[in-house]
1. Just one of L466, L470, L510, L503 is of a type in the set (A, V, I, L, M, F, W, C), within 16 Å of L409 (Cα to Cα) and either surrounded by 17 or more Cβ atoms within 10 Å (Cβ to Cβ) or modelled with pLDDT under 95 (or both); which is it?
2. What pairs come up if the first residue lies in the range 373-384 and is not assigned by TED's automatic domain parsing to the domain that holds A298, the second is among the β-branched types (V, I, T) and surrounded by 19 or more Cβ atoms within 10 Å (Cβ to Cβ), and their beta carbons are under 8 Å apart, counting only those six or more places apart or on different chains?
3. Scan the range 179-201 residue by residue and report those that are in a loop (DSSP other than H, G, I, E, B) and over 17 Å from S111 (Cβ atoms).
4. Give the residue that is modelled with the lowest pLDDT, with candidates limited to residues of the range 214-264 that are outside any helix (DSSP H, G or I) and under 17 Å from N144 (Cα atoms).
5. Under 8 Å between Cβ atoms, which residue pairs at least 6 apart in sequence (or on different chains) link something in the range 245-265 that is within 14 Å of L306 (Cα to Cα) with a partner that is part of a helix (DSSP H, G or I)?
6. Would you mind stating whether D477 is assigned to a helix (DSSP H, G or I), surrounded by fewer than 21 Cβ atoms within 10 Å (Cβ to Cβ), not assigned by TED's automatic domain parsing to the domain that holds L279 and not aromatic (F, W, Y)?
7. Please verify whether R280 is surrounded by 15 or more Cβ atoms within 10 Å (Cβ to Cβ), out of contact with any Phe, Trp or Tyr (no Cβ under 6 Å at 6 or more places or on another chain), of a type in the set (K, R) and assigned to a strand (DSSP E or B), treating the condition exactly as stated.
8. Considering only the range 100-120, state which residues are part of a loop (DSSP other than H, G, I, E, B) and buried (at least 21 other Cβ atoms within 10 Å of the Cβ).
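The values are calculated or read from the model by the stated rules, or taken from the named source; none is laboratory data. Keep in mind that this is a model prediction, so the values were computed, not measured. Using ideal geometry, Cβ is built from the backbone for each residue, glycine included, and neighbour counts are taken over all protein chains shown.
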Amino acid sequence: MSNQKVSFKTERELQEAILKEKARGTPDLEIGQKYGVTFRYIERLITRTQGLNISALKVSKKISKLYPKDFKEEQTTVWSFKQRGNWATHSGEYRGNWSPYIPRNVILKYSKPGELVLDYFCGAGTTAVECKLLGRRCIAFDINDKAIELAKKNVDFNISLQQLTFIDEKKSPKVFEPELSVGDARDLSFLKDNSVDLICAHPPYANIIHYTDSKEGDLSFFDIDDFLKEAAKVAKESFRVLKPGRQCAILIGDNRRKKHVIPLGFKLINVYLDAGFKLREIVIKRQHNCKTTGFWYANSIKYNFLLLAHEYLPIFEKPESSTPYLTREDTSGYGSVVPTLEKPLLKKINELETTTVWIFPEKEFEERLNKNVIDRYSDRNGYSTIVFATHSENETISRKDNGKKSLGLLFIKSPFLKNEPSRSDIDHYLKETIEIVKQNLPNINKGGFLVVQTQDTRIEGYIEPLAKRLVDTLSFDNLWLKEIVVATQEGANSNTQNFGEHLKIVHQYLLVYEVKT
């Protein structure tokens with residue numbers, strides 16, 4: 001194709017030409033090259049003229065199959081779907097919609113046939129379609145009337161009782177047509193208290209992808225602070241309508257500003273916790289559309305940034321009782337947790353990781369992780385590694401002097417978290433980490449890095465989100481959160497063993513902070 005850009009006398013002629021290209025199915029990249037416009041220009045044109053943000057103007061709704069082939073429920077906290085899923089009427093035409101594998105897993109794990117599922121960010125109706133396929137009742141709505149029109153087309157297919165699979169029920173299953181309408185997620189007044197069995201929704205990501213043409217109340221136009229303020233109204237209503245003991249699943253991702261990450265995922269988790277929910281699970285949804293070679297690899301190294309390659313799927317739970325949560329004091333079975341100086345084991349590698357998801361072989365996991373952290377963030381200016389171990393393993397060190405007066409990197413690791421620590425050990429660990437950072441921060445060069453390796457743990461059935469808690473408290477004026485990396489072992493998410501009512505935690509985090517210059 002020629003690189004010669006086509007010119008027009010008026011903006012209207014240009015837009016009409018682009019719409020014709022879209023109708024023919026021309027990829028956005030080719031349209032941009034041919035007419036000299038950006039992806040954002042094309043996106044806004046489609047949203048304004050069609051009333052919703054879609055990637056294709058004509059999508060075949062011919063159904064070739066009703067269910068995904070060889071489907072198995074996820075059993076761990078890392079979900080990775082190489083194919084987004086195209087059974088029934090599912091497609092990727094609606095920008096930003098989630099893979100149908102996500103609501104399918106959530107619906108099967110946290111609801112029963114005939115129960116009511118609520119989706120207040122309906123979009124193109126992915127959750128509604130899954131509810132119909134799985135014999136669940138569904139109420140779904142969206143603030144965009146055009147999105148609801150599309151969703152109604154997507155749920156308009158026939159299915160027989162014999163085709164309702166994945167239902168382990170003695171009673172005869174039923175097919176329920178989803179109830180779709182235009183509505184605002186912040187106002188659930190039409191629903192009674194304690195009337196919903198499961199909430200399963202994918203909200204917009206705070207001024208990243210716009211789903212309407214500036215429609216009033218569209219949360220996708222709100223920036224971070226205002227988005228969270230409005231999301232608090234959604235969370236409050238969600239808590240009211242959900243039945244006690246039941247779950248609310250919300251998919252959310254982080255943003256990036258000025259080459260640093262904005263932890264929108266953790267911020268939204270706080271919003272729902274403040275509304276009264278408990279945190280049952282944090283699932284990591286891995287993305288597979290991130291380019292990591294050639295141009296992207298070179299620039300990742302040159303400018304020291306990682307491509308965002310994961311989202312969070314927190315599973316909240318409304319407590320059975322409104323009685324304040326009382327915790328019993330656990331005692332550690334292996335001694336006090338103390339920080340120790342340690343020289344990390346390293347593994348020679350050919351290339352550094354370039355996305356926010358790091359996957360290494362089990363036998364070389366720590367060595368490869370250590371090497372990536374040290375090579376990318378120490379910049380040959382010296383580093384120090386502090387490891388939280390047990391008193392029976394190592395002797396404690398002084399927080400005030402780590403033996404280095406000038407560092408390019410301070411790396412804090414916490415392997416003890418794998419061993420089901422007590423609440424008192426966790427509280428001690430968080431307090432000590434803050435003190436270590438406070439004492440050692442003056443030793444880190446300007447432009448240097450602090451990296452904290454941590455992981456979530458479970459106490460009395462609920463998740464202790466330690467990465468989130470550290471991000472909440474590491475609020476020093478001269479620290480700037482640069483990356484949140486998720487690390488896991490190869491094959492960890494392919495385990496089909498049923499771990500009971502909870503998912504197996506198979507991911508860790510690297511919180512990467514830059515010391516401001």
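1. On the way: L466 fails: within 16 Å of L409 (Cα to Cα); L470 fails: within 16 Å of L409 (Cα to Cα); L503 fails: within 16 Å of L409 (Cα to Cα).
None of the others qualify; the one that does is L510.
2. Short answer, once both residue conditions are applied: V373/V451; Y377/V451; Y377/V512; Y383/I374.
3. Let us first name the residues in the range 179-201 that are in a loop (DSSP other than H, G, I, E, B), namely 183-195.
Passing the criteria: G183, D184, A185, R186, D187, L188, S189, F190, K192, D193.
4. Within the range 214-264, the first condition is being outside any helix (DSSP H, G or I), and the residues that meet it are 214-218, 222-223, 242-263.
Filter once more, so that each one left must be under 17 Å from N144 (Cα atoms): 214-218, 222.
On the way: S214: 50, K215: 53, E216: 57, G217: 56, D218: 60, F222: 65.
Step by step, filter the range 214-264, then rank; the result is S214.
5. D254/L264; D254/G265; N255/I224; N255/L264; K259/Y303; I262/I224
6. Values: assigned to a helix (DSSP H, G or I): no; surrounded by fewer than 21 Cβ atoms within 10 Å (Cβ to Cβ): yes; not assigned by TED's automatic domain parsing to the domain that holds L279: yes; not aromatic (F, W, Y): yes.
No; evaluated as a whole, the condition is false for this residue.
7. The answer is yes for R280.
8. Residues of the range 100-120 that are part of a loop (DSSP other than H, G, I, E, B), as a first pass: 100, 111-115, 120.
The answer is P100, S111, Y120.
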